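I have placed the structure first, in the form of structure tokens, so that the comments after it can refer back to it.
The values are calculated or read from the model by the stated rules, or taken from the named source; none is laboratory data. Treat the numbers as computed from the prediction; the structure is a model and nothing was measured. A quick note on method: Cβ atoms are made from the backbone with ideal geometry, for glycine too, and the neighbour counts reach across all protein chains shown. We work out accessible area using only protein heavy atoms, side chains counted, and drop any ligands, DNA or RNA first. Shrake-Rupley method; radii C 1.70, N 1.55, O 1.52, S 1.80 Å.
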Amino acid sequence: MTIRVLVAEDQGAVRAALVMILRSEPGFEVVGEAGDGEQAVRLAAELRPDVVLMDVQMPRLDGVSATRQVVAAGSAQVLVLTTFDHDEYVYGALRAGAAGFLLKDVEADTLIEAIRTVARGEGMLAPSVTRRLISTFARPDRPDQPRARAAVDGLTPREREVLACLGAGLSNSRIAQRLEMAEATTKTHVSRILAKLELRSRVQAAILAQDLGLVAPD
């Protein structure tokens, strides 16, 4: 299956490099390029790519706002790219429904695998910064905490186990191995968790699990 990608990056040289990497990889098609957030939202709605590779800091409409609009419209999955590993805008993008983020200095092979992962509907967070990002910006005293905890209390025991594994950043295959169940069953549990908690992505579920201290041990 060909993975259709929209590249949203305001720096022409960086955008050209990303496009070159993707076009040299079998199974990828770059369906469009956007130089600002508004154009990214418009092209995502028109072209319906599988994944939007979204820069955080862009003119006219920032990457966080663009991500929120793309995800809300159901236009595509969004993988955010950022220069900084402690970037509050990135955390906002994850809250807006981005499927994950990577640093811009990532190796080409890692970028390709991340896009494949996001296209499958799984989350992708840069491993070196995941826990620092969450611990830095997750606030246990947020006013929505009681509502979130009440929603989690409504999950079945098995769903809570899956949510804890999401909080630890595990993929569907690793969750299936950890909990000794079929991967298809894992996907079903993840979908039900997102629906019950009214979340847009498994990354949001992971952040919520971290916020509430529901993290499976390594």
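Can you give me the number of residues within the range 17-43 that are in a helix (DSSP H, G or I), open to solvent by 60 Å² or more (accessible area, probe 1.4 Å) and either over 17 Å from A119 (Cα atoms) or of a type in the set (S, T, Y) (or both)?
3
What are the pairs, 6+ residues apart or on separate chains, where a residue within the range 50-67 that is over 12 Å from G92 (Cα atoms) has its Cβ under 6 Å from a residue that is of a type in the set (K, R) and open to solvent by 10 Å² or more (accessible area, probe 1.4 Å)?
Going by the 6 Å Cβ cut-off, the qualifying pairs are D50/R4.
Among the residues of the range 44-56, is there at least one that is over 20 Å from M124 (Cβ atoms), of a type in the set (D, E) and open to solvent by less than 60 Å² (accessible area, probe 1.4 Å)?
no
List every residue pair whose Cβ atoms sit under 6 Å apart, with the two residues 6 or more apart in sequence or on different chains, where the first one lies in the range 32-46 and is closer than 14 Å to D10 by Cα and the second, anywhere, is among the polar types (S, T, N, Q).
That search, which allows pairs on different chains as well, returns V41/Q69.
Do we find a residue being more than 16 Å from the chain's Cα centre (by Cα) and not hydrophobic (A, V, I, L, M, F, W, C) anywhere in the range 64-81?
No, every residue in the range 64-81 fails to be more than 16 Å from the chain's Cα centre (by Cα) and not hydrophobic (A, V, I, L, M, F, W, C).
All but one of (1) under 20 Å from G121 (Cα atoms); (2) out of contact with any strand residue (DSSP E or B) (no Cβ under 6 Å at 6 or more places or on another chain) hold for P217, so report the exception by its number.
(1)
On the given criteria, is G92 out of contact with any strand residue (DSSP E or B) (no Cβ under 8 Å at 6 or more places or on another chain) and on the phi > 0 side of the Ramachandran plot?
no
Exactly one of these conditions fails for P59: (1) more than 17 Å from the chain's Cα centre (by Cα); (2) assigned to a strand (DSSP E or B). Give me its number.
If we test P59 against (1) more than 17 Å from the chain's Cα centre (by Cα); (2) assigned to a strand (DSSP E or B), just (2) comes out false.
Pairs under 6 Å by beta carbon, first residue more than 19 Å from V64 (Cα to Cα) in the range 9-24, partner part of a helix (DSSP H, G or I), six or more apart or different chains?
If the second residue must be part of a helix (DSSP H, G or I), the pairs left are I21/A108.
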